[in-house]
Structure formats: C-alpha cells, structure tokens
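*Asks:* Here's a structure for you.
No value in this document is a laboratory result; all are computed from the given coordinates. Predicted model only: the values in this text are computed from it and were never measured. Please note: Cβ atoms are built from the backbone with ideal geometry, for glycine as well, and neighbour counts cover all protein chains shown.
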C-alpha cells in the first residue's frame, strides 16, 4: 500500500515562494480570527450598552440631570456620546442672548452628526481588513498554486519518463496554497458580512435616537423662546 503524504510534508517540500505564500495566508487567517472574536465581543457589548442607555433615557429621567451625570465621565459609550454632544450644543447656544430656535437646532444636529460619524468609524474598525482578506486571499492562494504547478511541469523536462507519480506531489503541494487561501477567505467574508449588518443596525438605532433627542430639544427650545 503506498505511503500517504501528510499536509505538513507537502508544505515542507514546497518551493520557497509557495511556502512564503502559505505563511502569508496563515498569518492573515490568524489575524482575521483575532479580529473576528474581538469584533464579536465588542459589538455585542455595544448593543447591550445601547439597550441599557435607551431604557434609562426613556425611564423619565430629567435630561439636564442625565447630561450633568455624563458630562464629566471619560468612558462614555457611543450612544452616550451622541446625547452629550447634542445636549452640550443645546445648552451652549440656549444660553446665548437672542439665540433663535433654528440656529440652536442646527448646532444640536451638527454636534450629534459629528458624534455619529465618530461612532460609525469606531464600530467599523477592522472591517476593512476582513474585507481585504476575504477578497484577496483566494487569488493569493491561486498565485501560489500556479507557481507550484509551473515548477512541477518544469521538473518534467529533466525526467526521461514522466509519470503521474512524479508530478502528483508537486501538484498537491501547489493545491495546498489554494486550500489555505479559501481557509483564510471564507471566515473573513462571513465575519465581514455579519459585522457589517450589525454595524448598520446599531447605526440605525443611534440615528433614530438622535432624531428623538432632536425632537425633544426642539420642543424645549420653542418653549424657552415663547
């Protein structure tokens, strides 16, 4: 019975360039998995923070008391940052003599829009890397495969009699690069799609909350001017 060749032997016997391709794909896969776990825990925590703050916000708490409670904190969550940015502008502009409602609300919306943009950037951290790994890893692996197969067929020129057994190991070594490319790409693509959907859902909730705060502060501004 012919001896079976292990994957480790195929990798060890591959050419230097193919080994470098495999090492690059292995590194990309390891980093991708680290980012996948980090994003999973992070986005889960952010969703819990949004739920907790919204429950507290709609519990009937006075907004000035809530703002005073959050203003001095350094570890604000994303949705808390949005509220503080909007209410801070509301307080600053409302204290100015002769401030009109429209100018106050423009400042409030501008402050919350900046906070929303920063929160979106924070939520989408590492997603670009996952997208890059998912889209390029199969081609990197294919490059290693093509190079390995080229070397296998070139070695046939030095053989007096070519058989399948003489080229099969070289082709097998090359195909390992394609397998590693897919192994790196598939989790990265799944993670990117999953996390992108979560980021979009969280941003919709933040934007809806921003609209609600804008409406509340608009009514408060009109009451102050009347």
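*Asks:* For a Förster distance of 22 Å, can you work out the FRET efficiency between the beta-carbons of residue 33 and residue 150, rounded to the nearest 0.05? Don't skip to the answer; put the middle values down first.
*Replies:* Values: r = 31 Å, r/R0 = 1.42.
According to the calculation, E is roughly 0.10.
*Asks:* In percent, how large is the relative contact order of segment 30-138, given Cα pairs closer than 8 Å and 6 or more residues apart?
*Replies:* Reported relative contact order: 29 percent.
*Asks:* Using a simple spin-label model with points 7 Å from Cα along the Cα→Cβ vector, what separation in nm is obtained for residue 136 and residue 222?
*Replies:* Each label point lies 7 Å from its Cα, and together they span 5.3 nm.
*Asks:* A further question follows. What nm distance separates the two modelled labels at residue 62 and residue 102, each placed 7 Å from Cα along Cα→Cβ?
*Replies:* Result for the modelled spin labels: 3.3 nm.
*Asks:* Ok, one more. Between residue 179 and residue 193, what is 0.36 nm times their sequence separation minus the Cα-Cα distance? Round to one decimal in nm. Don't jump to the answer; show the numbers that get you there.
*Replies:* Details: separation 14, 0.36 × 14 = 5.04 nm, distance 2.14 nm.
The residue 179-residue 193 span can extend by a further 2.9 nm.
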